[in-house]
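The structure is given below, and queries will be raised subsequently.
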């Protein structure tokens, strides 16, 4: 299947295109969905399968999204039901 059929968005720098912001250890991807006002950006999640229905958009900040996942107050329908694991940690990797 072609990349264009798997990805339902035109990617950044196209206006409104998702901008990659992170990857989970199982290869799920996080994106910011860009808009003119960065305060209005949303979070787009792509499950590692990239298959039909593997994309989900969260209307809120990346901080709210990650906090919601870690506290289990938020469930993302495209991520594995047990994500994150109870012993999950967040790591920041410096840019090269």
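What are the residues in region 12-40 that are more than 12 Å from the chain's Cα centre (by Cα) and surrounded by 14 or more Cβ atoms within 10 Å (Cβ to Cβ), if any? Break it down into steps so the answer makes sense when it comes.
First, pick out the residues of region 12-40 that are more than 12 Å from the chain's Cα centre (by Cα): 12-17, 25-26, 34-40.
Across region 12-40, the qualifying residues are 12, 17, 34.
So, residue 83, is that one modelled with pLDDT under 85 and within 27 Å of residue 6 (Cβ to Cβ) or not?
Considered against the rule, which asks whether it is modelled with pLDDT under 85 and within 27 Å of residue 6 (Cβ to Cβ), residue 83 comes out as yes.
Another question about this same structure. With respect to the numbered conditions (1) modelled with pLDDT of 85 or more; (2) closer than 18 Å to residue 11 by Cβ, which one is the sole condition not fulfilled by residue 61?
Result: residue 61 fails condition (2) only.
If you take the residues of region 31-53 that are within 17 Å of residue 81 (Cα to Cα) and touching a strand residue (DSSP E or B) at 6+ places or on another chain (Cβ under 8 Å), which of them is modelled with the lowest pLDDT?
Residue satisfying both the conditions and the ranking: 48.
The values are calculated or read from the model by the stated rules, or taken from the named source; none is laboratory data. A quick note: this is a predicted structure, and the numbers were derived from the prediction, not measured. Every residue, glycine among them, receives a Cβ derived from its backbone with ideal geometry; neighbour counts consider all protein chains shown.
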